[in-house]
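Reviewing the structure listed below.
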Amino acid sequence: MRPTRATALASIAAAPLFADLAPDIQQALAQAAHPTHYAAREVVFLAGERVEAVYLVAQGWLKAVKIAANGREQTVATFGPGATINDVVLLAAAPTQASLIALEPCQLWQIPGTVIMALSAQHPALAQAFIRSLATRILYLSGLVEDLAFRSVEARLARLILSQAQDGRIERQRWATQSELAAQIGTVPDVFNRALRSLVDAGLITVNRRRIEILDPTGLAARVEVG
């Protein structure tokens with residue numbers, strides 16, 4: 001998709017954060033949006049940087065990661081088409097809290113922070129949209145902390161599968177390796193593989209290179225609660 005002002009407007013109108021805004025606000029955002037492209041595994045920004053922009057994903061997938069001193073990664077979020085990135089950090093006027101890395105070739109729309117803040121001051125609906133985004137992010141991170149503190153790897157994996165499944169299955173993205181999936185639930189590939197095998201052996205799911213299919217959603221949900 002060749003980036004144009006029309007495609008910027010289409011992406012903004014389809015994004016959950018901006019979808020309910022009046023057309024004139026969407027148009028103003030589209031006028032300010034600048035297309036950027038990233039190759040697979042390319043770093044968009046590093047934790048601790050000051051990034052004065054909001055990113056909107058037009059194509060591709062990215063991950064936000066925390067990286068420990070020993071090199072171990074914790075994926076705190078993944079972002080696909082329609083997702084907005086760095087909105088909460090921009091509002092807080094703070095450095096980025098995680099590194100953003102492309103999982104595959106991506107096109108993003110970069111909207112300058114000065115434009116976002118000026119439009120938010122003029123249009124309460126945009127400010128309210130950012131407040132809702134902040135509340136949603138807080139709830140997500142609260143759930144992530146709870147998972148890491150109180151649930152086993154198997155329980156976290158069961159919850160991940162249930163949350164990401166559509167029509168009882170997850171169609172695996174090309175980048176969704178065992179290592180990437182393990183990082184999403186805060187573990188390492190060996191432990192992830194044992195948990196995955198346990199769910200397969202229990203007859204709760206089937207797994208192949210392309211998809212994970214849920215066979216027993218009730219039983220899988222019970223593993224989340226037991227964990």
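Quick notes
- Once the Cβ-Cβ distance of Asp216 and Asn70 is raised to the sixth power relative to R0 = 30 Å, the FRET efficiency obtained is 0.20.
- Note on Arg41 and Ala121: their simple-model spin labels are 4.4 nm apart, each label 7 Å out from Cα toward Cβ.
- The convex hull built on the alpha-carbon positions of segment 1-93 has an orientation-averaged projected area of 6.7 nm².
- Cα-projected label distance for Tyr140 with Val207, points at 7 Å along beta-carbon direction, nm: 2.4 nm
- Descending principal axes extents, segment 92-173, alpha-carbon based, whole Å: 47, 32, 28
- Span-rule helices in the chain, defined as complete DSSP H runs reaching 15 Å or more along the axis (Cα) with Kyte mean at least -1.0: 124-150, 153-164, 189-201
- Convex hull of Cα atoms in segment 151-226, direction-averaged projection (nm²): 4.4 nm²
- The Arg197 and Glu104 beta-carbon pair, evaluated with R₀ = 35 Å, returns a calculated FRET efficiency of approximately 0.85.
- Stokes-Einstein D for the chain, Kirkwood Rh over Cα pairs, 10 °C, 1.306 mPa s (µm²/s): 84 µm²/s
- GNM flexibility winner over the chain from Asn193, Asn86, Asn208 (Cα, springs under 10 Å): Asn208
- Residues whose amide H lies under 5 Å from that of Ala83, counting only those 5 or more places away or on a different chain, are Val57; hydrogens are built 1.01 Å from N in the peptide plane.
- Model label zone, Arg174; criterion: amide N under 12 Å from point 7 Å along Cα-to-beta-carbon; scope segment 80-110: 103-106
- Over segment 5-148, relative contact order from alpha-carbon pairs under 8 Å, at least 6 apart, %: 31 percent
Throughout, read-outs are computed from the coordinates displayed, never taken from laboratory work. In this text, all values refer to a predicted model and were calculated from it rather than measured experimentally. In this analysis, Cβ positions are derived from the backbone assuming ideal geometry, glycine residues included, and neighbour counts consider all displayed protein chains.
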